[in-house]
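The values are calculated or read from the model by the stated rules, or taken from the named source; none is laboratory data. Note that this is a predicted model, so its numbers are computed, not measured. Reconstructed Cβ throughout: ideal geometry from the backbone, glycine too, with neighbour counts over all protein chains shown. For accessibility, only protein heavy atoms count, side chains too; no ligands or nucleic acids. Shrake-Rupley method; radii C 1.70, N 1.55, O 1.52, S 1.80 Å.
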Amino acid sequence: MEFKPDFELLKKALPDIKIIRFVAMGGYKAVYEAIINGSKEALKLAYIPREDDRSEEVPETLLRIKREIESLNRCKCPYLVKLGSLQPQKYTIGSRDYIVYSEEFLEGKSLSEFIKEGFKPTYDQCKRLLLCFLHVIKELKMNKLIHRDIKPANVLALDDPDRPYVVLDLGIAFKLDSTTITRNPDIRMGTLPYMPPEAFDVNFHQQIDFRSDLYSAALTTYEYASGINPFVQGSRNDPTTLPRITSIIPKPLITYRPDFPEAFCQIIDQLMKRIPALRPSNIEGLIKKMEAL
Amino acid sequence: MKLYAQCGHAPADKINRGIELGLVDGAILSPRYLTPDKASELIGELKQIKDGIDIFLDPEFYATRYVGAPNAQLRYLEEWPYFIDTKRNSLLINSHLVDQVLQNSFKAQKDIGCTQLIAPNIYIGNSFDSLDAAIAISFINRAKSVAKQMEANLPVYATIAAYRDAIIHPSNFISFLSTLTALEFPPDGIYSLVGGGPADERAGTVRSEVISADVIAGWMLLNHSLSLNGIRVINGFSDILTPFLGAAGGYAGASGWWSNLQVFSMGRYIKGPGGGQSPLLKYLCLKLLNRIPVNSLRAYTELVPELMNNLPTDAYYDGKEPSRTEEALQSWEAIKFMTDITISNNIGESLERLENWIVNAESYYGRLNELGFSDDFESNMEYLQCLKDSLMAFARLAEL
């Protein structure tokens, strides 16, 4: 990937941090396993493109990181990744500029890896996953935030009964009642196969709310449970994905998982409705209903 | 699903008997026909008949648009303290005015002994993408908070009163529903009114403008979407559509004794041509999904006896003309019966039962036609087709 710095240069630029290995990369960020202030943390490097740097405006990347950090600071839900000890700082590594900060290091596999392996989760695992999502979305809603990028790759399954699943990456989170960070007002943020239908509406800014996260969370649970994303045929960037999102009704989850309780499958199906008003929006009520199942 | 008596002119003992016989679960009173004192007296009487019944007063605030109009017929409405013409722009600009109207109306309802509150609202004319809709949302949004501030301690139903044309534009209507279902402090429920044009005042349900596949499907969608979000919907003037709205998730329906209590229309607040005959006594025939005049009932059932509902109130029609009260009781019993047997916990199953019901009605009309009763055959078949289409349109909208 173009923006990832040379490993040796990185180590040289951050002499107080013991960088163990490169972990993952996505969007404009790279993640490393590192020892920071004596404990293992996830070191995050966010690349700041130079053209942004020349502009008089504050670069979009910087604003996004600022928002992500503010958001993570505000949210106390255990199912959301926590910030680490390294405060954001600007570094020039090689010829490129980065913002460097840290988050807690979580030992676990992402749901996308499980899906790729053809893993078939139990009902209990899916139920716990949905409950984690509901708690996260409730917390985000209280803070007037929309995650906008809930997907299997952004969820880690941990070997910790208190935190069975943790949602990562608030990098493109949207703050309601706040100014927009995205410079191009027509850009729809998110990962296509997990974006809700309202994200493609002409007035999408007016349409998106916490129910968009509920949709993506349900879709992620659906895919985890069934191994199928109903909107993707072939590759994830297939041109038919978008029209499928806005037109098809996915097969009921019970079709793929007849071993699951019907009530659970119905909740997932209902949260994936195209019209936000058809998705149950009382999160507290949904949590109670799920716990009673 | 509950059924309420939609009250209006000349109630006599209709509501009392309906409650006594358990045919209705309560009443929605009209301040247009009752002074505050009379309303209070009536509520006291009704509460004595049965404990725990639901008594509402529709504040009919939407009719304030006619205050001062030379041809307005508002009757006792202007005797109610909250019924004051408030300019639309003032409601839009001054949010405290909305609170004031809500407060005054809740106080009036509490004072007379209502068991639940209906929040006033304005009428949404042609579109949900309008100033009217913006003001309406403001009333709905504030209803629960204002009741709480007043320590009203009664369930609050916010009104949505809309003209049928507003509902048939799905994108605006759906966008309104999206806003409504994401309110931070939603009311306990919605009192929904879907209006036809002025001609519907005397048309009766079957020939009204509300009978359109898109309108019924939209009304069903409102019930479905709100029920999914834990908001109860009481459907005013829902009459024979009650089971359809209940299948979609509606909490209650309502119907009254005159045709203008079976279909909602703003036409009632404006003086019409007047005069005319007293309406024919009718029988709500469930097999035909229609009200038929007593004379026709006699003629039909002589050849097709199974057209009778086989319900206790059929006795009122046994060889005699029923009284107006008996006519109302028969109508309530029929609606309640059909609602009870068509609605299940499974929405797909309920829709299927309703569809089968309509198909049966078509075959009964076919038989009557073959027997020479061809009056209105085509329009009745069109009406039934429209009901069938509404089920399909609803299933499409609700992504079932």
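Since residue B:329 meets every condition but one in (1) more than 14 Å from chain A (Cβ to nearest Cβ); (2) in contact (Cβ under 8 Å) with a residue 40 or more places away in the chain; (3) assigned to a helix (DSSP H, G or I); (4) over 22 Å from the mean Cα position of the chain (by Cα), which condition does it not meet? If we test residue B:329 against (1) more than 14 Å from chain A (Cβ to nearest Cβ); (2) in contact (Cβ under 8 Å) with a residue 40 or more places away in the chain; (3) assigned to a helix (DSSP H, G or I); (4) over 22 Å from the mean Cα position of the chain (by Cα), just (4) comes out false.
Note on region A:93-107: residues that are over 30 Å from residue A:159 (Cα atoms) and either touching a residue at least 12 places away in the same chain (Cβ under 8 Å) or open to solvent by less than 50 Å² (accessible area, probe 1.4 Å) (or both) amount to 6.
Restricting A:245, A:268, A:283, A:208 to residues that are in contact with a His (Cβ under 9 Å, 6 or more places away or on another chain), within 14 Å of chain B (Cβ to nearest Cβ), touching a residue at least 24 places away in the same chain (Cβ under 8 Å) and β-branched (Val, Ile, Thr) narrows the list to A:283. Counting just the residues of region A:187-205 that are in a helix (DSSP H, G or I) and buried (at least 20 other Cβ atoms within 10 Å of the Cβ), which one comes out nearest to the other protein chains (Cβ to nearest Cβ)? Filtering region A:187-205 for residues that are in a helix (DSSP H, G or I) and buried (at least 20 other Cβ atoms within 10 Å of the Cβ), the one nearest to the other protein chains (Cβ to nearest Cβ) comes out as A:198. Scanning region A:25-44 for residues that are modelled with pLDDT of 85 or more and under 20 Å from residue A:189 (Cα atoms) yields one hit, A:30.
Being outside any strand (DSSP E or B) and surrounded by 21 or more Cβ atoms within 10 Å (Cβ to Cβ) holds for only one residue in B:102, B:3, and it is B:102.
In a residue-by-residue description of region B:221-231, the property of being more than 14 Å from every other protein chain (Cβ to nearest Cβ) and either surrounded by 24 or more Cβ atoms within 10 Å (Cβ to Cβ) or hydrophobic (A, V, I, L, M, F, W, C) (or both) applies to no position.
Being surrounded by 14 or more Cβ atoms within 10 Å (Cβ to Cβ), among the aromatic types (Phe, Trp, Tyr), outside any strand (DSSP E or B) and within 18 Å of the chain's Cα centre (by Cα) is the requirement here; does residue A:119 meet it? Judged against the criteria, residue A:119 is not a match. Of all the listed residues (A:221, A:240), the sole one being open to solvent by 10 Å² or more (accessible area, probe 1.4 Å), of a type in the set (Ser, Thr, Tyr) and more than 10 Å from every other protein chain (Cβ to nearest Cβ) is A:240. Within region B:73-99, the set of residues being open to solvent by less than 80 Å² (accessible area, probe 1.4 Å), at pLDDT 90 or above and not in a helix (DSSP H, G or I) comprises B:73, B:74, B:80, B:82, B:83. The one condition from (1) closer than 20 Å to residue B:392 by Cα; (2) open to solvent by less than 10 Å² (accessible area, probe 1.4 Å) that residue B:213 does not meet is (2). Would you check which residues across region A:126-142 are open to solvent by less than 60 Å² (accessible area, probe 1.4 Å) and touching a strand residue (DSSP E or B) at 6+ places or on another chain (Cβ under 8 Å) and list them? A:129, A:132, A:133, A:136, A:139, A:140 - these are the residues of region A:126-142 that are open to solvent by less than 60 Å² (accessible area, probe 1.4 Å) and touching a strand residue (DSSP E or B) at 6+ places or on another chain (Cβ under 8 Å). Each residue in region A:248-262 was checked for being in contact with a helix residue (DSSP H, G or I) (Cβ under 8 Å, 6 or more places away or on another chain) and within 14 Å of chain B (Cβ to nearest Cβ), and 4 of them qualify. Would a scan of region B:332-351 turn up a residue that is aliphatic (A, V, I, L, M), open to solvent by 10 Å² or more (accessible area, probe 1.4 Å) and not in a helix (DSSP H, G or I)? Scanning region B:332-351 turns up at least one residue that is aliphatic (A, V, I, L, M), open to solvent by 10 Å² or more (accessible area, probe 1.4 Å) and not in a helix (DSSP H, G or I).
With respect to (1) away from chain A (no Cβ under 14 Å); (2) in a helix (DSSP H, G or I), the lone exception for residue B:211 is condition (2).
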